[in-house]
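Undergrad: If you scroll down you'll find the structure; I have some questions about it.
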Amino acid sequence: MCTPPNAPAARLPVPDRARSLAPVLAHIAEHLGEPLPLEGLAALTGLSVWRFATVFRERIGMAPHRYVSLQRVRHAQALLRQGATLASAASESGFCDQSHLSRRFKRLCGMTPGQYQSGQAGAPATPSSSSASNP
C-alpha cells in the first residue's frame, strides 16, 4: 500500500539482521536518482554479485532490484507530496521516464501517480514489501 498524499514520508528502520547491509542500504538511499548496478552494490560489501543477491534477499526479504524499485517509488511519492511534477519526480527518483514511474507506481500502489498526487484515491497508498515481491 502507498502512503496517503498528505502523510509525512516514513523512513524504513534497518532490521538487526540487515546491519551488515547498512552501508548498501544507505548508498541506495543516497543515490536513488542514479543507476544502481548490482555489481556496484555487491562491491560495497566485498561479496560476489551472486552471493550478494542471495544475502540481500535473505536479510531484507526481497531481491536488490525490487528493493531499489520500491525505494524509488517511495521517493517519488515524497516528491509528489511536495508538489513536484510527475516528470521531475520520475527523473529525480531514478526512473528513465514518466511512463516507467507510472507503470511501477501503479503496480506497487494500485493507482497512478496522478491519482496519488491529486488525492482522489480512497485507500492509503504505501508500497509494501509484500506487494513489491509480486512481479
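The values are calculated or read from the model by the stated rules, or taken from the named source; none is laboratory data. The model shown is predicted, which means the values in this text are computed figures rather than measured ones. All Cβ positions, even for glycine, are placed from backbone atoms using ideal geometry, and neighbour counts span all protein chains on display.
Undergrad: Which number in (1) in contact with a Lys or Arg (Cβ under 6 Å, 6 or more places away or on another chain); (2) at pLDDT 95 or above marks the one condition that Arg17 misses?
TA: (2)
Undergrad: Here's a follow-up. Taking helices (runs of 4 or more DSSP H) that do not extend beyond the range 38-125, which have at least 1 residues that are closer than 18 Å to Ala22 by Cβ, free of Cβ contacts under 8 Å to residues at least 60 places away in the same chain and hydrophobic (A, V, I, L, M, F, W, C)?
TA: 38-45, 49-60, 64-81
Undergrad: Now for a different question. Which one of these is modelled with pLDDT under 95 and not aliphatic (A, V, I, L, M): Gly40, Gly61, Gly46? Quick ask: steps written out before the conclusion?
TA: Values: Gly40 fails: modelled with pLDDT under 95; Gly61 fails: modelled with pLDDT under 95.
The unique qualifying residue is Gly46.
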